[in-house]
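The values are calculated or read from the model by the stated rules, or taken from the named source; none is laboratory data. Remember, it's a predicted structure, so these values are computed and weren't measured experimentally. Cβ placement follows ideal geometry from the backbone for every residue including glycine, while neighbour counts extend to all protein chains displayed.
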Amino acid sequence: MRSGILVGLVVSGLLLAGPAATVGSAQSSDVVTLTVSVENQDGDPVRNAELTATWGNGSTTESTASNGKAFVDVPSGADVTISTSHPEYIRNHPIVVQDASEREVTVPVHHRGQLSVVVADEGGRVADARVVLRKDGRVTSRMSTNGSGMVASGDIEQGEYTVSVAKPGYLRNSTTVQVGASTQSRVLIERGTVILTVAVRDPHFSPPRPVSNATVRIASIGQFQTLAGGETSVSVPVNTDLSVAVAKESYAEATTRVRVNESARRVNLSTSRTPTLRLEPDNQRIVAGERLGVDIVNEYGEPVEGATVLLDDDSAGTSGADGRVTLVVEEPGTHSLVATADGLRSDPVTIRAIPEDGETLTPSATPSDTSTGTASGSGSSTPGFTLFTAVLAVAGAIGALALRRGR
């Protein structure tokens, strides 16, 4: 009986131990070990180099032994970034291990160095110049010169670098510098210009037509006019970003930004006429009750279909494909015509309709003027001219004629 119980306990223990061993094995398979070797530029191992390995949501730190190696445990399949820290050695860029698995990884390091760069032109040192350092084709750092035209790299690998300097208005200059423990370099740059051609076109037409006499404004440069071909050419500083705007009366303003490098540049700008509506009647003076033809045109003088014509704010008709409306002005007097379409409204046009029997003119009564001898109620509109003065004038004329014959 006791032996049976003992056997049962042993079997149960084995059953319980089996799953536990399986879980432990699965857990250990989620971690892999990277054997990391740190070497200097001569291939010698570097001891006491601190390695920091980082991945998605974790990190770990190890130090190299006297043989320059360290064992770093990381998640299996993770992308791991390994950076180094050492008093004498440095690495410009960390090592990246993709899809981590059990493997050996070598991390080359170099002696620490520093580089200071002075940028100058013909007038002296140049502030705010952009300085880019590259080693083996990779960008190590991007910096800008201070008010004294100088910039310092900080700690970088010793070795050969390409130093590129650029500033708006200046030609780029690149030079090769051998960086040691502490190196200084002076880079000269010079001003330069190129030709920027701005072409202005109206895309309403096919092909687009040039827009002449348009005003082209280039920020910090000036204002220019397009010629008959719709173009203007301007000398501008090299390596600059320019804001270009074009404007012309009755056209929409257009703007763009242009990057100018060290060769001639051409940029095309499109601008169209500002949308408008215009009403053109055949006559502005008509006989009441007669038919009046009206044309509705857009900003290009083209007929507008579907425009509504309002006569004294009342709808009087809609334009057809030819942009034309025929209406009748029944009432004599002064009337207003307006066209509307697609949210646009034309300027009003005044129409005068006269009665069929013509316009009646109401004469103005001339008040009597006793100072000139005008007879009251004479009806004459000429001041001072009466029947008596008329008789005197005739008598004077006869006398003059008789005198002339007597001679």
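Counting residues that are under 30 Å from Glu356 (Cα atoms) and out of contact with any helix residue (DSSP H, G or I) (no Cβ under 7 Å at 6 or more places or on another chain), which strands (runs of 3 or more DSSP E) fully inside region 238-317 reach at least 3? I'd like the intermediate steps shown before the answer.
On the way: elements: 240-247, 254-260, 265-270, 277-281, 285-287, 291-298, 308-311.
Here the list reads 277-281, 285-287, 291-298, 308-311.
Every residue in region 212-231 that is in contact with a Leu (Cβ under 9 Å, 6 or more places away or on another chain) and crowded, with 18+ Cβ neighbours inside 10 Å, please. Of everything in region 212-231, those that are in contact with a Leu (Cβ under 9 Å, 6 or more places away or on another chain) and crowded, with 18+ Cβ neighbours inside 10 Å turn out to be Ala214, Val216, Ile218.
In region 325-340, which residue that is in a strand (DSSP E or B) and crowded, with 19+ Cβ neighbours inside 10 Å is farthest from the chain's Cα centre (by Cα)? Can you show your working first?
First pass over region 325-340, keeping only residues in a strand (DSSP E or B): 325-328, 333-340.
Still in the running and crowded, with 19+ Cβ neighbours inside 10 Å: 325, 335, 337, 339.
Details: Val325: 42, His335: 47, Leu337: 41, Ala339: 35 Å.
That would be His335.
Within region 223-247, which residues are touching a residue at least 40 places away in the same chain (Cβ under 8 Å) and over 18 Å from Lys167 (Cα atoms)? Those that are touching a residue at least 40 places away in the same chain (Cβ under 8 Å) and over 18 Å from Lys167 (Cα atoms): Val244, Val246.
Within region 60-79, how many residues turn out to be assigned to a strand (DSSP E or B) and either over 15 Å from Gln98 (Cα atoms) or β-branched (Val, Ile, Thr) (or both)?
Step one: list which residues in region 60-79 are assigned to a strand (DSSP E or B), which gives 60-63, 69-75.
From the residues that got through so far, the ones that are either over 15 Å from Gln98 (Cα atoms) or β-branched (Val, Ile, Thr) (or both) too are 60-63, 69-72, 74.
Number satisfying all stated conditions: 9.
The conditions of being modelled with pLDDT of 95 or more, in contact with a His (Cβ under 9 Å, 6 or more places away or on another chain), part of a strand (DSSP E or B) and crowded, with 17+ Cβ neighbours inside 10 Å are not met by Thr54.
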